[in-house]
Amino acid sequence: MSRKKTQPKKNVVPDPKFKSTIIPKLINNIMYDGKRGIAAKIVYDAIDKIKTKTKDEPINIFNQDAWTNNNVPKLFENLDRFKVRKLVIKELTELKLLEKEEEYDVSIPRGERSNIVIEPRLSHQWYVKTSEMAEKANMEVKKGNIKFHPNNWIKTYFNWMDNIEDWCISRQIWGGHRIPAWNDDNGNIYVGENEQDVRNYYKLDAIDLKQDEDVLDTWFSSGLWPFATLGWPNKNEYLKKFYPTSVLVTGFDIIFFWVARMMMFGMEFLNKEPFKDIYVHALVRDEKGQKMSKSKGNVIDPLVLIEKYSADALRFTLLSMASPGRDVKLSEDRVKGYRNFLNKLWNANNFLSMNKCDFKKSKKSPKIKLNINKWIISELNQTTKEIEKNIKDYRFDEAARNIYQFVWHSYCDWYLELSKTILNSKDKKSINEVKLTTSYVFKEILVLLHPFIPFITEELWLKNKLDKLNSSYLMHTNWSLNKIKSDKNIKEVQKIIDLISQLRSFKNELNVSPGSFVDMSLANLPKKDQDFIIKNEIVLKRLGRINNFFDSEKNKPSANLVIAGDIFKIYFDQSVDLSLIKENLLKRQSKYEAELDVISKRLSNKSFVDRAPKNIVDQEKNNYNELQKNIDKISITVKGL
């Protein structure tokens, strides 16, 4: 905002219009700022930012309504602050006491609702001495009794606390806790718990007392929250049981305003830290990383998202994106994606119901012999351990990723698909084992997922009658760990998954329809690998969409697929033109090489690397690495055609 600054003439005796008791005192003691040119009119503002060479008490010339009082010359009394400043300039100009005026840019704070200019004003306020309290709180952090998650917020905390000043705790607003101080008619101030306490302590009888009309700063009141809510200052069972608490979840922007104050008060009044861990969550921004604002029109209403996609979908989205040190870039598409995850879970339950999987015996892990059952129980154990560790470390994003990967990929994409081969067989014993294992693992999934998505998991828990007539609540159910040793049978299941995954990826790379069938030659494989594939022929053909396995090579167009060092010859349908595929791959490779050359020249330009923002340079380096990987991958694929 542009504002004029004025510069008075030096060594000029003020005109009688300006004479008053304050002129000689302030005009001679003002610290003249040559850069900003402190104006003569600022003499009349008497704000706390003006420094004088003497220790004289600053004189306030404004009343509470920002109109001048009788501390100014008669001409300027009882005028609005903006009008009086213009009048001062006018008079100085007419009296030829003004040397010059010039405009400069200045940041002027305004009221959020009123849009009125806000300026400092000298007044009597209540302060709290904070240095000693801050030292006690800092000591607990240095000892490790209070930990920040992520740890980098400790630096922010100490940056504030090591430079702390006395705290102004009085506010002139309507709502809040009244300052516990009373004034008599002689200007004496008495502090106490209440008026009767003041009269008793100070032995005051007939005199009139009036309580201070100021209220406590909101952060002062909320700083008492950890123990005031438990009945403090009275010592009771609640205070003993629940203080200190374990975790405080908060935003980074109130670490000083609220978190530090709670720590100071806890140490001051109870000599005990109020919490052990402080989890500082991210700020939720729009999908482009911009702070949400009504004026920008980029506000995402969580209630609208909940109405469209469910509260669980929104919860899981925010948890999965809660990476330490990063703001959450929220978009509707992300929430929609996790709504699909909920659908996947619901459909998995329908699959179990359709196949008559019984939950009555799902309390304990069943006795298992089948490889796929050993594999899924092993995956469940590993996932449970990872989730426990990540939650303990406050890595909720990693914990969400762990359970998502297990449910969507390990359980739904692979285990249920692999189990169909057995469920469609005539082996009743194996079918029963698969049904019991499927039900048990799904029940454990509900238990693991409940902290993340409580509503749908509770619905499925009740739908499958796992509550046992209100005797077994989902929220009270503990996580399980089963004793499954890793053996070659579990590794065989992983080998099947890897082979099918590589074949699907190979089709995608060649731009071949994922639903197309292929033939596969095992001629170049060692005998043990050939035996393994023949042993698992049914499931490999079904999930890999393979028509035939050949023990010799065929004289027709093929592509080589290398998996873990073994070479598989893949024969496609007649409709698949390998020559055209090769031509398209080479075109794509040329396109990537051209893009790589442009980025390479840009990164070789020292001026670009030095001047461009770091995030732009890092992004270019990532693009370079990705293009190089794609080029190498295409080269390997083309050689195999």
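The values are calculated or read from the model by the stated rules, or taken from the named source; none is laboratory data. Since the structure is predicted, the reported quantities are computational estimates derived from the model, not experimental observations. Every residue, glycine among them, receives a Cβ derived from its backbone with ideal geometry; neighbour counts consider all protein chains shown. Each accessible area value is taken on the protein alone, full model and side chains, heavy atoms only, with ligands, DNA and RNA left out. Shrake-Rupley method; radii C 1.70, N 1.55, O 1.52, S 1.80 Å.
List, largest first, the extents of the alpha carbons of the range 182-288 along their principal axes, each in whole Å.
Answer, in whole Å and largest first: 64, 40, 17 Å.
How long are the semi-axes of the ellipsoid equivalent to the range 482-641, from square roots of 5 times the Cα gyration tensor eigenvalues, in whole Å, largest first? Intermediate results must be reported in sequence, preceding the final value.
Values: eigenvalues 290, 101, 29 Å².
After scaling each eigenvalue by five and taking roots: 38, 22, 12 Å.
Among Ile255, Ser419, Pro324, whose Cα projects farthest towards the positive end of the dipole of the chain, with charges put on the beta-carbon of Lys, Arg (+1) and Asp, Glu (-1)?
It is Ser419, whose Cα lies furthest towards the positive end.
Over the range 119-236, what lengths in whole Å, largest first, do the semi-axes of the equivalent ellipsoid take, defined as the square roots of 5 times the eigenvalues of the alpha-carbon gyration tensor?
Details: eigenvalues 229, 71, 34 Å².
Working from the Cα gyration tensor, I get semi-axes of 34, 19, 13 Å.
Positive end of the charge dipole of the range 169-245 (Lys, Arg +1 and Asp, Glu -1 on Cβ, about the Cα centre): tell me which of Tyr190, Asn236, Leu224 has its Cα farthest that way.
Working it through, the farthest residue towards the positive pole turns out to be Asn236.
When you count, for each residue, the other Cβ atoms within 10 Å and take the mean per peptide, how do 284-293, 624-633 rank with the highest first?
624-633, 284-293
Stokes-Einstein diffusion coefficient for the range 317-466 at 20 °C in a medium of 1.002 mPa s, Rh from the Kirkwood formula over Cα pairs: what value in µm²/s?
Details: Rh = 16.2 Å.
D, rounded to a whole number, is 132 µm²/s.
Where does the charge balance sit around Glu509 when Lys and Arg score +1, Asp and Glu -1, over other residues with C-beta under 11 Å from its C-beta?
On the way: positive: Arg504, Lys507, Arg588, Lys633; negative: none.
Result for the neighbourhood of Glu509: +4.
How large is log10 I(q)/I(0) at q = 0.13, 0.17, 0.18 Å⁻¹ when the Debye formula is applied to the Cα atoms of the range 302-393, each weighted equally and without solvent?
For the range 302-393 at q = 0.13, 0.17, 0.18 Å⁻¹, log10 I(q)/I(0) is -0.69, -1.00, -1.05.
Could you tell me what fraction of 2.2 N^0.38 Å the Cα radius of gyration of the range 246-290 comes to, as a two-decimal ratio?
In units of the globular-protein estimate, the range 246-290 measures up at 1.45.
Evaluate the distance, in nm, between pseudo-label points positioned 7 Å from the Cα of Asp531 and of Ser246 along their respective Cα→Cβ axes.
The answer from the label model is 5.2 nm.
What percent of all Cα-Cα pairs in the range 59-169 falls into each 10 Å bin, going from 0 up to the bin containing the maximum distance?
Histogramming the range 59-169 at 10 Å steps yields 10, 23, 24, 18, 15, 9, 1 percent.
Rank-order 163-175, 243-255 by packing density, defined as the average count of other C-beta atoms within 10 Å over each peptide's residues, highest first. If you can, show how the numbers build up before the last one.
Values: 163-175: 12.6, 243-255: 14.9.
Order by mean packing, descending: 243-255, 163-175.
Suppose accessible area is computed on protein heavy atoms with a 1.4 Å probe; arrange Ile207, Ile300, Ile581 from highest to lowest.
On the way: Ile207 70, Ile300 45, Ile581 20 Å².
Largest accessible area first, the residues go Ile207, Ile300, Ile581.
Starting from the 7 Å offset along Cα-to-Cβ, what nm value, one decimal, do you get for the label separation of Lys147 and Ile59?
6.0 nm
Over the range 527-594, what is the mean sequence separation of C-alpha contacts under 8 Å (at least six apart), divided by residue count, expressed as relative contact order in percent?
Working: 26 pairs, mean separation 10.8, N = 68.
So the answer I get is 16 percent.
Using the Cα centre of the chain as the reference point, and only Cβ charges (+1 on K/R, -1 on D/E), how large is the resulting charge dipole? Debye, rounded to the nearest 20. Write down the numbers at each step before the final one.
Numbers: 107 positive and 85 negative charges, 420 e Å.
It comes to approximately 2020 debye.
Which whole-number percent is the relative contact order of the chain (Cα, under 8 Å, 6+ apart)? The partial results should precede the final answer.
Working: 764 pairs, mean separation 47.8, N = 641.
Once normalised by length, the contact order is 7 percent.
Tell me, how many Å apart are the Cα centres for the range 60-118 and for the range 582-623?
58 Å
Give a residue-ordered list of calculated ³J(HN,Hα) values for the range 241-252 (Karplus: 6.51 cos²θ - 1.76 cosθ + 1.60, θ = phi - 60°; whole Hz; x for Gly, Pro).
Using θ = phi - 60°, the values come out as 7, 9, 10, x, 7, 8, 10, 10, 9, 8, x, 5 Hz.
So how long is each side of the range 137-185 along the principal axes, counting just the alpha-carbon atoms, biggest first, in Å?
Over the range 137-185, Cα extents along the principal axes are 52, 20, 19 Å.
If the only charges are +1 at each Lys and Arg Cβ and -1 at each Asp and Glu Cβ, what is the size of the charge dipole of the range 258-369 around the Cα centre, to the nearest 20 debye?
Details: 23 positive and 12 negative charges, 152 e Å.
It comes to approximately 740 debye.
If I compute solvent accessible area with a 1.4 Å probe over the protein chains, what percent of it on the range 312-354 is carbon and sulfur? Let's see the in-between values first.
Details: 900 of 2020 Å².
About 45 percent, which is the carbon plus sulfur part of the accessible surface.
Express the Stokes-Einstein translational diffusion coefficient of the range 222-376 in µm² s⁻¹, to the nearest whole number, given a Kirkwood radius over alpha-carbon pairs, 20 °C and a viscosity of 1.002 mPa s.
D = 107 µm²/s.
Give me the Kirkwood hydrodynamic radius of the chain, using the inverse of the mean 1/r over all pairs of distinct Cα atoms, in Å to one decimal. Kindly include the intermediate steps, with their values, before the conclusion.
Values: mean 1/r = 0.0304 Å⁻¹.
Computed over the chain, the radius equals 32.9 Å.
For Gln619 and Arg113, what does the FRET efficiency come to when R0 = 51 Å and r is the distance between their Cβ atoms, rounded to the nearest 0.05?
Details: r = 41 Å, r/R0 = 0.80.
Plugging the Cβ-Cβ distance into 1/(1 + (r/R0)^6) gives 0.80.
If I model a spin label as a point 7 Å beyond the Cα along the Cα-Cβ vector, how far apart are those points for Ala206 and Asn584 in nm?
Modelled inter-label distance: 10.5 nm.
Once phi is turned into ³J(HN,Hα) by the Karplus curve 6.51 cos²θ - 1.76 cosθ + 1.60 with θ = phi - 60°, what whole-Hz value does each residue of the range 302-310 show in order, with x for glycine and proline?
3J(HN,Hα) across the range 302-310, in whole Hz: x, 5, 5, 5, 5, 5, 7, 10, 4.
Relative to the compact globular guide of 2.2 N^0.38 Å, what is the alpha carbon radius of gyration of the range 104-145, as a ratio?
On the way: Rg = 18.8 Å, N = 42, 2.2 N^0.38 = 9.1 Å.
Cα-based Rg divided by the globular estimate yields 2.07.
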